[in-house]
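Chemist: This is the structure, below, for whatever I ask next.
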Amino acid sequence: MSEHKIKPVTIQDDKYRFDAFKNGEVLFGKKGHLPAMGWNSWNAFGSGNNEELTKAMADKMIELGLDKYGYTYVVLDDGCYASKRVEGHLASDAEKFPSGFLAMSDYIHSKGLKYGMYNDVGDRLCSGLEVGTVGYEEIDCQDYIKWKIDYIKVDNCYNIWDNATFSCPKNAKYTFAPDIKGIRLVKVSAGVEAGNEALEYSIADAVITGDRGYIESGYATGIGTFDGTSPDASPVSELSSEVHFNVNVSEDAEYDLYVDARCRTIEGSGSWLQVAVGTNYYYDDLLVDSVDTEICTDKPIRIKLSKGENVIRLMNHRRQENTLTSYAKIQECFEKLAPEKDILFSICEWGKTQPHNWGYKVGDSWRILNDITFQVGSDGNPGTVSWEGAYTTSVTAQYNKAVIMDEFAGLDKGWNDPDMLVIGMNGMTDTMNKTHMTMWCMLNSPLMLGMDLRRVEKNDDIYKIITNADLIALNQDTLGVQAKRIFTSKGVKPDTTYLRDNDRVDVLAKPLSDGSVALSFINVSLGFREDRISISPELIREYIGGKMKDADNFVNASKYKVKNLWTKEESVVEANEVAEKGFNVSGLAATDNLTLRIIPM
């Protein structure tokens, strides 16, 4: 892919800045949605999906009664478009979807289901089709409204402002600051430099914030944001770094700031520099366009300093800001063209720019990692998935990250999305399927089926798993709170510690709208675990009491009704027995779970 010569959009509104990420302001879209439920074409068919298959899936959803359980969205993923635009517009692949997208929409809606489509914020789709939304946002939104979509999934391949998957590696220049060695400040008097009043600071005088940046060979490097598709960094850490120089001056004045820096175009080192004093931005651009150079520029940056102490911030938050503005541009068009429509917006940039920090501003959900599997199926072939893997393409890799991200999710924000359900794919046993379903329901993940539904029959094992009404009720509970991990056999702080060693048992607690609590004991490992684990009502209140409907009533109940949500067994347990034994488990088979709904009486 050739290198683009244009630059990212100039950010003129502070609401798109990194500094606004934590202010809680929703920019576009409507909040209050529970996690989406439906079927997506990718895991079953990849780019091989077509009109006949999609109609068969919609028919099967009705035949199986999946819509009665909440599965209502039918989403066309990548591979459905013509390879080029037609007079600037998106068009269906004439062989795969000969009747067109409006006819597809009408068919799905005629079944009482909802219609979803797919695109990408880059200049092409992940499949390589050259029909990405960038530069065509308003035209595409017009077409999507014409096609009566209810849901859109927007990918991040070929993002021209990031070194995203399949994009140009040199675009790292946009996503990191130069390597910084020091700064020099020259006071400006009557519009010219007052040459005898200069201040110099080396990197040894600076403070590096966050966990991404570090000093190497006299330079601060890594001044930007962790790539979230890597499993190496915890999602609850300080994921972005800045270089701060504390400067004390005797009066209000303008200064020319000279940055001693080295520009490069590799992960961790770029050439885009943002300069701010406090929250006032003074510079936001490339110091050099593309070449590696030991000295970026001698060009000064004019800034204002106030009498006393000032904090000069050198940084690059463009990895997140550019992606936010790309997704916001699509939502802006929907709001402009059809403000009355409520289109669910699924951000699919694989956690690359840490969307759990900003996704709530523009989306209903945000993917947290790469695809759960890269081995998708085809017509009649279910594809293959792994329970665990060394990188991110597995069930447990997704779970291990999502399970400590509960504070980023909610009805007023949106949902962490650890990708579509892989129930029914090769590599998954019935036990794995049950625990996978449990994990996604407890985590308030969107429940998007990915299997070929023609392989499912009423009351078979797969059907019983995906229609477990008690589990679905946890995911769709109107309180809208993601479960919190309140215990792990690893003996670390359970709710914020990022664990990738799967040889463990976790316990998750989820408050529900009727005052009850869902408690799930999960054996994450591929071997039998003998752990004897007891959870008290007090421990549950300690971790999730602030989110429970009535925590005191739960803890002080005289007895509890306990239902096993997989076996459907129910029992009533007296408070004195709970005080003695807690809610407990004694051993779990490999990849198994015990999930209870505990109702205070």
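Chemist: Looking at the stretch 583-601 only, could you name the residues that are in contact with a Leu (Cβ under 8 Å, 6 or more places away or on another chain) and surrounded by fewer than 18 Cβ atoms within 10 Å (Cβ to Cβ)?
Modeler: Of everything in the stretch 583-601, just one residue is in contact with a Leu (Cβ under 8 Å, 6 or more places away or on another chain) and surrounded by fewer than 18 Cβ atoms within 10 Å (Cβ to Cβ), namely Ala590.
Chemist: Given the residues Gly210, Gly270, Gly222, which is the only one that is in contact with a Cys (Cβ under 8 Å, 6 or more places away or on another chain), surrounded by 13 or more Cβ atoms within 10 Å (Cβ to Cβ) and within 30 Å of Lys401 (Cα to Cα)?
Modeler: When all the criteria are applied, what remains is Gly270.
Chemist: For the stretch 113-126, name all the residues that are surrounded by 24 or more Cβ atoms within 10 Å (Cβ to Cβ) and in a loop (DSSP other than H, G, I, E, B).
Modeler: Answer for the stretch 113-126, where residues must be surrounded by 24 or more Cβ atoms within 10 Å (Cβ to Cβ) and in a loop (DSSP other than H, G, I, E, B): Val121, Gly122, Leu125.
Chemist: I'd like to verify a number: residues in the stretch 127-182 that are within 23 Å of the chain's Cα centre (by Cα), of a type outside the set (Gly, Ala, Ser) and outside any loop (DSSP other than H, G, I, E, B), how many?
Modeler: Residues that pass the stated criteria total 12.
Chemist: Give just the number: which of (1) surrounded by 17 or more Cβ atoms within 10 Å (Cβ to Cβ); (2) not assigned by TED's automatic domain parsing to the domain that holds Asn416 does Gly546 not satisfy?
Modeler: The failed condition is (1).
Chemist: Residue by residue through the stretch 394-451, note down the ones that are of a type in the set (D, E, K, R), farther than 27 Å from Leu76 by Cβ and in contact with a strand residue (DSSP E or B) (Cβ under 8 Å, 6 or more places away or on another chain).
Modeler: Within the stretch 394-451, Asp406, Lys434 qualify.
Chemist: Test Val188 against the criterion of being in contact (Cβ under 8 Å) with a residue 60 or more places away in the chain, surrounded by fewer than 21 Cβ atoms within 10 Å (Cβ to Cβ) and of a type in the set (Val, Ile, Thr), and give yes or no. Break it down stepwise before answering.
Modeler: Details: in contact (Cβ under 8 Å) with a residue 60 or more places away in the chain: yes; surrounded by fewer than 21 Cβ atoms within 10 Å (Cβ to Cβ): yes; of a type in the set (Val, Ile, Thr): yes.
The answer is yes for Val188.
Chemist: List every residue pair whose Cβ atoms sit under 7 Å apart, with the two residues 6 or more apart in sequence or on different chains, where the first one lies in the stretch 84-99 and is among the aromatic types (Phe, Trp, Tyr) and the second, anywhere, is in a loop (DSSP other than H, G, I, E, B) and surrounded by 12 or more Cβ atoms within 10 Å (Cβ to Cβ).
Modeler: Pairs that qualify, where the first residue is among the aromatic types (Phe, Trp, Tyr) and the partner is in a loop (DSSP other than H, G, I, E, B) and surrounded by 12 or more Cβ atoms within 10 Å (Cβ to Cβ), are Phe97/Asn50; Phe97/Cys80.
Chemist: It is to be established whether one or more residues within the stretch 177-200 are modelled with pLDDT of 90 or more and within 30 Å of Pro446 (Cβ to Cβ).
Modeler: no
Chemist: Where residues in the stretch 353-374 are crowded, with 24+ Cβ neighbours inside 10 Å, more than 8 Å from the chain's Cα centre (by Cα) and not aromatic (Phe, Trp, Tyr), which of them is nearest to Phe21 (Cα to Cα)?
Modeler: Looking at residues that are crowded, with 24+ Cβ neighbours inside 10 Å, more than 8 Å from the chain's Cα centre (by Cα) and not aromatic (Phe, Trp, Tyr), I get Lys361.
Chemist: Within the stretch 405-413, identify whether any single residue is modelled with pLDDT of 95 or more, over 23 Å from Phe528 (Cα atoms) and among the basic types (Lys, Arg), and answer yes or no.
Modeler: yes
Chemist: Scan the stretch 380-427 residue by residue and report those that are charged (D, E, K, R) and under 15 Å from the mean Cα position of the chain (by Cα).
Modeler: Lys401, Asp406, Glu407, Lys413, Asp417, Asp419
Chemist: Would you call Leu102 at pLDDT 95 or above, touching a helix residue (DSSP H, G or I) at 6+ places or on another chain (Cβ under 8 Å), aliphatic (A, V, I, L, M) and over 23 Å from Val376 (Cα atoms)?
Modeler: So Leu102 fits the description; yes.
Chemist: Of the numbered conditions (1) buried (at least 22 other Cβ atoms within 10 Å of the Cβ); (2) not assigned by TED's automatic domain parsing to the domain that holds Asp417, Gly182 fails exactly one; give the number of that condition.
Modeler: For Gly182, the failing item is (1).
Chemist: Going by the conditions given, is Glu335 in contact with a strand residue (DSSP E or B) (Cβ under 8 Å, 6 or more places away or on another chain) and assigned by TED's automatic domain parsing to the domain that holds Cys157?
Modeler: no
Chemist: So how many residues does the stretch 240-252 have that are among the hydrophobic types (A, V, I, L, M, F, W, C) and at pLDDT below 95?
Modeler: Residues meeting the conditions: 1.
Chemist: I would also like to ask the following. Scanning for something closer than 25 Å to Arg485 by Cα, assigned to a loop (DSSP other than H, G, I, E, B) and without any contact (Cβ under 8 Å) to a residue 60 or more places away in the chain, does the stretch 405-414 turn up at least one residue?
Modeler: For the stretch 405-414, residues closer than 25 Å to Arg485 by Cα, assigned to a loop (DSSP other than H, G, I, E, B) and without any contact (Cβ under 8 Å) to a residue 60 or more places away in the chain: absent.
Chemist: When the residues of the stretch 498-513 are filtered to those that are among the charged types (D, E, K, R) and not in a loop (DSSP other than H, G, I, E, B), which remaining residue is surrounded by the most Cβ atoms within 10 Å (Cβ to Cβ)?
Modeler: Step one: of the stretch 498-513, the residues among the charged types (D, E, K, R) are 500-501, 503-504, 506, 510.
Filter again for not in a loop (DSSP other than H, G, I, E, B), leaving 506, 510.
Numbers: Asp506: 25, Lys510: 28.
The residue in question is Lys510.
Chemist: Might you check whether a residue that is in contact with a helix residue (DSSP H, G or I) (Cβ under 7 Å, 6 or more places away or on another chain), at negative phi and not in a loop (DSSP other than H, G, I, E, B) occurs anywhere in the stretch 366-386?
Modeler: Yes: the stretch 366-386 contains one or more residues that are in contact with a helix residue (DSSP H, G or I) (Cβ under 7 Å, 6 or more places away or on another chain), at negative phi and not in a loop (DSSP other than H, G, I, E, B).
Chemist: Within 22 Å of Ala172 (Cβ to Cβ) and hydrophobic (A, V, I, L, M, F, W, C): does that describe Leu257?
Modeler: On the way: within 22 Å of Ala172 (Cβ to Cβ): no; hydrophobic (A, V, I, L, M, F, W, C): yes.
No.
Chemist: While we're on this one: Return the residue satisfying two criteria in turn: it lies in the stretch 36-61 and is touching a Cys at 6+ places or on another chain (Cβ under 9 Å) and in a loop (DSSP other than H, G, I, E, B), and of such residues it is surrounded by the fewest Cβ atoms within 10 Å (Cβ to Cβ).
Modeler: Selected residue: Asn50.
Chemist: Given the criterion surrounded by 15 or more Cβ atoms within 10 Å (Cβ to Cβ), under 23 Å from Val9 (Cβ atoms), in contact with a strand residue (DSSP E or B) (Cβ under 9 Å, 6 or more places away or on another chain) and in the same structural domain as Ser202 (by TED's automatic domain parsing), identify the matching residue among Cys348, Cys296.
Modeler: Answer to the selection: Cys296.
Chemist: Among the residues of the stretch 17-33, is any within 30 Å of Lys458 (Cβ to Cβ), surrounded by 14 or more Cβ atoms within 10 Å (Cβ to Cβ), touching a residue at least 40 places away in the same chain (Cβ under 8 Å) and in the same structural domain as Val362 (by TED's automatic domain parsing)?
Modeler: Checked the stretch 17-33: at least one residue is within 30 Å of Lys458 (Cβ to Cβ), surrounded by 14 or more Cβ atoms within 10 Å (Cβ to Cβ), touching a residue at least 40 places away in the same chain (Cβ under 8 Å) and in the same structural domain as Val362 (by TED's automatic domain parsing).
Chemist: Within the stretch 259-276, can you find the residues that are within 17 Å of Ile11 (Cβ to Cβ) and aliphatic (A, V, I, L, M)?
Modeler: Hits for the stretch 259-276 are Leu273, Val275, Ala276.
Chemist: Among Gly29, Gly24, Gly70, which is the only one that is modelled with pLDDT under 95 and farther than 19 Å from Arg455 by Cα?
Modeler: Gly29
The values are calculated or read from the model by the stated rules, or taken from the named source; none is laboratory data. As the structure is a prediction and not an experimental result, all values here were calculated from the model. Cβ: placed from backbone, ideal geometry, glycine included. Neighbour counts: every protein chain shown.
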